[in-house]
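Just below is one structure, and these are the notes that go with it.
The values are calculated or read from the model by the stated rules, or taken from the named source; none is laboratory data. Just so it is clear, the model here is predicted, and its values are computed rather than measured. All Cβ positions, even for glycine, are placed from backbone atoms using ideal geometry, and neighbour counts span all protein chains on display.
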Amino acid sequence: MNKKYQTGMGTMTLLVYLCFAGIVLLCCAKIVPALYDDRVLVSKALESLMKEPELESMTKTEIKSKIDKFFSMNGIRGEATKGIKVVRYGEGMLVNIKYEVRNNLFKNIDVVMHFEHQLNTATKECCEYLVEDNEPE
């Protein structure tokens, strides 16, 4: 048997694959929790608000405090609670939640994720950002 030709993976190739797999796992560990908070918990907050029977008569402060209470009960802190905006118009209102999350990957490299959710009470549409509001805060 001729030993000139290597069969199988070398040590350096194995180390390169392990480093690549480690970077992918690190990225997933930093990104997936924020995506879960956005997709599931923030959407559930707007859906629960849509089910409120007295939503049309609530003030902007009451709506914001109701969403803040839901966020604090479910462990959502930071930008999502600051990005709540309520805009009333003719036949209904828009409840907008716009925010971004910055997660540090390593040293000075960050991942920035931008999220937008909207509840339109006139059409009972929830969670997809459809209409841009033009009213200043």
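Step by step: first the residues of the stretch 33-47, then only those that are crowded, with 16+ Cβ neighbours inside 10 Å and of a type in the set (Asp, Glu), then the one that is nearest to residue 96 (Cα to Cα). Which residue is that?
Restricting to residues being crowded, with 16+ Cβ neighbours inside 10 Å and of a type in the set (Asp, Glu), the top hit is 38.
Which one of the conditions (1) farther than 16 Å from residue 127 by Cβ; (2) surrounded by 13 or more Cβ atoms within 10 Å (Cβ to Cβ) does residue 50 fail to meet, given that it meets all the rest?
(1)
Scanning the stretch 99-128 for residues that are in a strand (DSSP E or B) and of a type in the set (S, T, N, Q), which turns out farthest from residue 29 (Cα to Cα)?
Out of the qualifying residues, it is 120.
Can we say residue 80 is surrounded by 12 or more Cβ atoms within 10 Å (Cβ to Cβ), closer than 30 Å to residue 23 by Cα and among the aliphatic types (A, V, I, L, M)?
yes
Can you confirm whether residue 71 is over 19 Å from residue 124 (Cβ atoms), aromatic (Phe, Trp, Tyr), touching a helix residue (DSSP H, G or I) at 6+ places or on another chain (Cβ under 7 Å) and in a helix (DSSP H, G or I)?
yes
In this structure, is residue 64 modelled with pLDDT of 85 or more, among the charged types (D, E, K, R) and exposed (fewer than 13 other Cβ atoms within 10 Å of the Cβ)?
no
Would you confirm whether or not the stretch 56-66 contains a residue that is touching a residue at least 24 places away in the same chain (Cβ under 8 Å), of a type in the set (Asp, Glu) and either part of a helix (DSSP H, G or I) or farther than 18 Å from residue 116 by Cα (or both)?
So far as the stretch 56-66 goes, yes, one or more of its residues are touching a residue at least 24 places away in the same chain (Cβ under 8 Å), of a type in the set (Asp, Glu) and either part of a helix (DSSP H, G or I) or farther than 18 Å from residue 116 by Cα (or both).
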